[in-house]
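The values are calculated or read from the model by the stated rules, or taken from the named source; none is laboratory data. Computed from a prediction, not measured in an experiment: that's the story for all the values here. Ideal geometry is used to build each Cβ from the backbone, glycine not excepted, and the neighbour counts take in all protein chains shown. For accessibility, only protein heavy atoms count, side chains too; no ligands or nucleic acids. Shrake-Rupley method; radii C 1.70, N 1.55, O 1.52, S 1.80 Å.
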Amino acid sequence: MSFGNRREVIGMATIQDIAKMAGVSVATVSHVVNQTRYVSPDTVKKVEDVINSVDELPKFIVKKQKVARSNGSKNVFIYVTNSSNLFQSQLVKIISSEVSKIEGAKLVTIYTDDVHEALKSNQIITNNNCIGQILLVNDEIKKSLKPHPSMNGIPIVLVSENYLNITSANTNSINHIVSDTFNGCYHAINHFVNNGHEKIALLNNGDQTLAKNNSILCAYKEALETKGISMNESYIPHDLMDEHSIREYLHSLLFGFDPPSAIFITSESALISTLKFMSSNNLNCPDDLSIICLNEACWFELFSPPITSVKQNVEVIAKKVLEVICMEENEGSSPSFEENLMALIPTNLSIRSSTAGIARGPFGEKASGVDILELSVKEKNEIKERNLTAVISFHYMGAAWMELHEQGIKDVFLELGISLLAITNAHFDPEMQSKQLLGLLALDPDIIIAIPVENKKTSSAFKKIAKSNSKLVLITNVPDGLTPKDYVSCVSVNEWSHGRIAGSGLGNNMRKFNKKNIGMLVFDADFYATNQRDSAVKQILLEEFPDLTIKGEIGFKDENDVYQKTIELLEKHTDIEGLYISWDGPAMKATEALLSMGRSDIIIGTADLDYPLALKMAKGEYIKSVSSQRPYEQGQAIALVAANALLNKTVPKFIGVEPLAVSNGNLIKNWKTIFKENAPEEMVALIKNNRDL
């Protein structure tokens, strides 16, 4: 073996081999390694370069490392490549807290933009007291990342949000723990599409580089392709490094041609810039733009609206990292890098109110918001001068839903000087409603507002109205045989969002209370709106709660059927632990059946809010979550639709008002929002006594 000026990589080296290769004495090598006397920097570098070149550390150095560690010197080195990245900063915080619990251990944080150089410079002198190294990376590792020989026997863990960044790296001796942002992003884009969005933008800044093999970008493209949606290149920005560049991009995006209705944002800083831009430009979330953000900051739930996020399991990742780091300590032997760890940690999609669905009408038309219905002072005065009249036909009455619709309509009509001649109650009887409609038509009103009891049996009466001079405004459903030309507009809750919120609330509570099996009690009728809601519930449970199982489904024709139908369903599937029921009235019938069966363990998710159901929620009995319509606002929208039609203005054929997610935690606040009055004292007292439910 020739040593000369040429450095040869050898196997297990002795101290004599190191001395010969460095051209120094054995004593000098010992002094460099043990720091027992001064050695010139040039000589130290010669010795360290030789040590760095060998494949396997000399036994005397390995022994020294073990002695140092056994003497209680326990440093964990963590390399942070992007201190502004929320994922990395959260991991540093958690790992630092956990390392401090290890006796004699200390976390040494190294901030670097080149983990290769940082590892290379971490020489044997530094690593005598190292029990592990953690590499936090996001960008692609383009060159070989190989542990220094001095690190033999010391665990090294690479942690990343992007598993595609390690495919080209020679990292066979390094453990990998990767957050599954690919599937997290895929599910986020899928959530948008399932809510009716097709124009979806992807916003990043310097925290996330969208290289061609970035897992976020790959997931974004694959999710769109799977749904048959063409990707718009203008929806994918590049090199947005600061708030100014983000604002410029958002202005061109949202006020330009073909703006998106939804956006997936890859960092907290980009999210803040987006929210500031929207606020300063009178844009509302989610009405104007639905938002999902990667990562989960503590303020997301407190913001209005609460931000939907792809939550990375940083606690699980930190725990896994420390398991690897402490393996030698716990098992008394070095970890084997022959079979290194490759762990992919799942993410969770936390669905909140920053995402809204795009509802579709019975003819596939996209739902419009209520802003388009606003009237000018001149238009209001014009209507007042005409002494117009209106009538209302309800399918049934006596519930808050109808009362608030009525009040919203009356308040707008009062301002516009429109006289309300009659209000009828069909008691859910289609034949009765048909006769009532003909009686209302005989009053020759300017406006007829109606919600069909049933779409087929009432069709003939509605067709006669369509041929009259009265303007027909429909609530929620369109009777059979009518086309968009036959009525002014159909006004409803955004049924797709309604179902998604109801399903999400049920699913999250099932997880919270460690329950798995769901039953569904759905309205068996040809009601487009209710069917859309029920379909949305089923879709979100199947797609976003794969850990839950829908065990059975049964239909009901009338609310009075639900008591027996509930018993039938639970006798057939005794393992059901949660129920979805189409709306609040049937849900209350189901609670009666459950009480008779002694099944107090069941969780119910449903739609619409009324006093009896709210009391159940406040008590913590059965009802854990509700998607509530805003019937007063829907009543106002109905009246404004009619007023616009009387001015011969073009009105969208379908208006969808966004619902609210209601739970025990926000019931008091949302009660006032929905009912326009303070929550009853009884309800407030019950909430205070059941804050943990």
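Remarks
- Every pair of residues 6+ apart whose Cβ atoms lie under 8 Å, when the first sits in the stretch 371-399 and is free of Cβ contacts under 8 Å to residues at least 40 places away in the same chain while the second is among the hydroxyl-bearing types (Ser, Thr, Tyr) and part of a strand (DSSP E or B): ASN387/SER419
- Some residue of the stretch 188-206 being of a type in the set (A, V, I, L, M), part of a loop (DSSP other than H, G, I, E, B) and open to solvent by 10 Å² or more (accessible area, probe 1.4 Å): no
- Among the residues listed as VAL108, VAL99, VAL137, the single one being at pLDDT 75 or above and closer than 25 Å to SER267 by Cα: VAL137
- Verdict on ILE655 being closer than 30 Å to SER376 by Cβ, open to solvent by less than 20 Å² (accessible area, probe 1.4 Å) and in a strand (DSSP E or B): yes
- Residue count for the stretch 379-410, restricted to those that are crowded, with 20+ Cβ neighbours inside 10 Å and in a loop (DSSP other than H, G, I, E, B): 1.
- Check on PRO237, out of contact with any Gly (no Cβ under 7 Å at 6 or more places or on another chain), in a loop (DSSP other than H, G, I, E, B) and surrounded by 20 or more Cβ atoms within 10 Å (Cβ to Cβ): yes
- The selection criterion, being of a type in the set (D, E, K, R) and at pLDDT 95 or above, does not hold for LYS616.
- Any pair with Cβ under 7 angstrom, 6 or more apart, that starts in the stretch 655-671 at a residue that is among the aromatic types (Phe, Trp, Tyr) and ends at one that is open to solvent by 10 Å² or more (accessible area, probe 1.4 Å): TRP671/ALA679
- Some residue of the stretch 637-644 being in contact (Cβ under 8 Å) with a residue 24 or more places away in the chain, in a loop (DSSP other than H, G, I, E, B), in contact with a strand residue (DSSP E or B) (Cβ under 8 Å, 6 or more places away or on another chain) and open to solvent by less than 10 Å² (accessible area, probe 1.4 Å): no
- Among residues of the stretch 411-432, those that are open to solvent by 30 Å² or more (accessible area, probe 1.4 Å) and closer than 21 Å to ASP446 by Cα, counted: 9
- Total residues in the stretch 215-238, condition charged (D, E, K, R) and touching a strand residue (DSSP E or B) at 6+ places or on another chain (Cβ under 6 Å): 0
- For the stretch 538-579, the set of residues classified as among the hydrophobic types (A, V, I, L, M, F, W, C), in a helix (DSSP H, G or I) and touching a residue at least 60 places away in the same chain (Cβ under 8 Å) consists of ILE540 only.
- Number of residues in the stretch 505-528 that are farther than 19 Å from PHE556 by Cα and either open to solvent by 10 Å² or more (accessible area, probe 1.4 Å) or not in a helix (DSSP H, G or I) (or both) equals 10.
- Candidates SER600, SER625, SER596 - the one that is farther than 30 Å from PRO445 by Cβ and touching a residue at least 40 places away in the same chain (Cβ under 8 Å): SER625
- Top-ranked residue in the stretch 327-370 [being in a loop (DSSP other than H, G, I, E, B), open to solvent by 70 Å² or more (accessible area, probe 1.4 Å) and at pLDDT 80 or above; ranked as farthest from ILE154 (Cα to Cα)]: PHE363
- Qualifying residue in the stretch 449-459 (condition: buried (at least 19 other Cβ atoms within 10 Å of the Cβ), under 19 Å from ALA536 (Cβ atoms), among the β-branched types (Val, Ile, Thr) and at pLDDT below 95): no
- Subset of the stretch 263-295 that is farther than 14 Å from ASN204 by Cα and in contact (Cβ under 8 Å) with a residue 60 or more places away in the chain - its residue that is surrounded by the fewest Cβ atoms within 10 Å (Cβ to Cβ): ASP287
- Within the stretch 488-499, the only residue that satisfies the criterion of being open to solvent by 10 Å² or more (accessible area, probe 1.4 Å) and either more than 28 Å from GLY196 (Cα to Cα) or not aromatic (Phe, Trp, Tyr) (or both) is VAL488.
- Count - residues of the stretch 477-487 that are touching a Leu at 6+ places or on another chain (Cβ under 9 Å) and either open to solvent by less than 20 Å² (accessible area, probe 1.4 Å) or over 30 Å from LYS467 (Cα atoms) (or both): 2
- For the stretch 403-446, the candidate set comprises residues that are among the β-branched types (Val, Ile, Thr) and touching a Phe, Trp or Tyr at 6+ places or on another chain (Cβ under 9 Å); within that set, the residue that is nearest to GLN634 (Cα to Cα) is ILE423.
- Test result for ASP486, at pLDDT 95 or above and under 42 Å from the mean Cα position of the chain (by Cα): yes
- Contact map, the stretch 609-622: residues that are farther than 14 Å from ASN666 by Cα paired with residues that are of a type in the set (Lys, Arg) and open to solvent by 20 Å² or more (accessible area, probe 1.4 Å), Cβ distance under 8 Å, separation 6+ or inter-chain. Pairs shown: TYR622/LYS616.
- Screening the stretch 570-586 for residues that are open to solvent by 10 Å² or more (accessible area, probe 1.4 Å) and out of contact with any Asp or Glu (no Cβ under 6 Å at 6 or more places or on another chain) and picking the one that is nearest to GLY499 (Cα to Cα) gives GLU577.
- Residue within the stretch 298-314 that is among the polar types (S, T, N, Q), touching a Cys at 6+ places or on another chain (Cβ under 7 Å) and open to solvent by less than 20 Å² (accessible area, probe 1.4 Å) present: yes
- Output for the stretch 92-119, where each listed residue is open to solvent by 30 Å² or more (accessible area, probe 1.4 Å), assigned to a helix (DSSP H, G or I) and free of Cβ contacts under 8 Å to residues at least 40 places away in the same chain: LYS93, SER96, SER97, HIS116, GLU117
- Qualifying residue in the stretch 440-448 (condition: without any contact (Cβ under 8 Å) to a residue 40 or more places away in the chain, crowded, with 17+ Cβ neighbours inside 10 Å and closer than 29 Å to SER628 by Cα): no
- Residue that is nearest to LYS471 (Cα to Cα) [pool: residues in the stretch 427-457 that are in a loop (DSSP other than H, G, I, E, B) and over 41 Å from the mean Cα position of the chain (by Cα)]: ASP446
- Whichever residue in the stretch 462-476 is open to solvent by less than 20 Å² (accessible area, probe 1.4 Å) and under 19 Å from GLN634 (Cα atoms) and, among such residues, is modelled with the lowest pLDDT: THR476
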